[in-house]
Amino acid sequence: MKKLVGFAATAGILAATALPAVTFAQGGLNANDLGVGAIQNDIKLGSGDVRQTAARIINVALGFLGIIAVVIVLVGGFKYMISGGNEEKTSEAKNLIVSGIIGLAIILSAWAITSFVIGQLLSATSE
């Protein structure tokens with residue numbers, strides 16, 4: 001039984017190693033093989049660097065998240081002002097404010113980390 005399992009494992013590893021080489025034996029792919037030429041006439045693809053495009057998308061997403069966190073803090077402050085001394089409403093408003101501040105801290109740290117990583121990536125890969 002051990003020999004059969006060993007043989008099956010060896011055959012599986014051999015197949016996983018050899019089959020991709022046989023499958024892609026026709027040569028390298030170009031953009032037209034992947035259909036880029038067919039859609040390029042209808043859809044205008046960006047010609048900028050992919051890393052810079054990813055950095056812009058991340059910055060926009062983090063900007064929207066920052067706006068949402070600020071709105072949460074403002075809603076918490078508004079609820080705190082109209083709570084009228086009610087302990088339940090006051091604690092709910094305080095929780096909203098604390099959650100919004102924690103969210104802002106997380107978003108700012110995420111922005112700092114991604115800015116550092118993208119900056120290092122761009123400087124390491126540019127000529």
Can you find a residue that is modelled with pLDDT under 90 and not in a helix (DSSP H, G or I) anywhere in segment 59-76? no
Within segment 78-89, of all residues that are in a helix (DSSP H, G or I) and surrounded by fewer than 14 Cβ atoms within 10 Å (Cβ to Cβ), the one nearest to the chain's Cα centre (by Cα) is Phe78
Qualifying positions in segment 110-125 - of a type in the set (Phe, Trp, Tyr) and under 13 Å from the mean Cα position of the chain (by Cα): Trp111
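Out of curiosity, is Ile101 out of contact with any Gly (no Cβ under 8 Å at 6 or more places or on another chain) and at pLDDT below 75?
Values: out of contact with any Gly (no Cβ under 8 Å at 6 or more places or on another chain): yes; at pLDDT below 75: no.
No, not satisfied.
The values are calculated or read from the model by the stated rules, or taken from the named source; none is laboratory data. Since the model is a prediction, treat every value here as computed from it, not as a measurement. Virtual Cβ from ideal backbone geometry, glycine too; neighbours counted across all protein chains shown.
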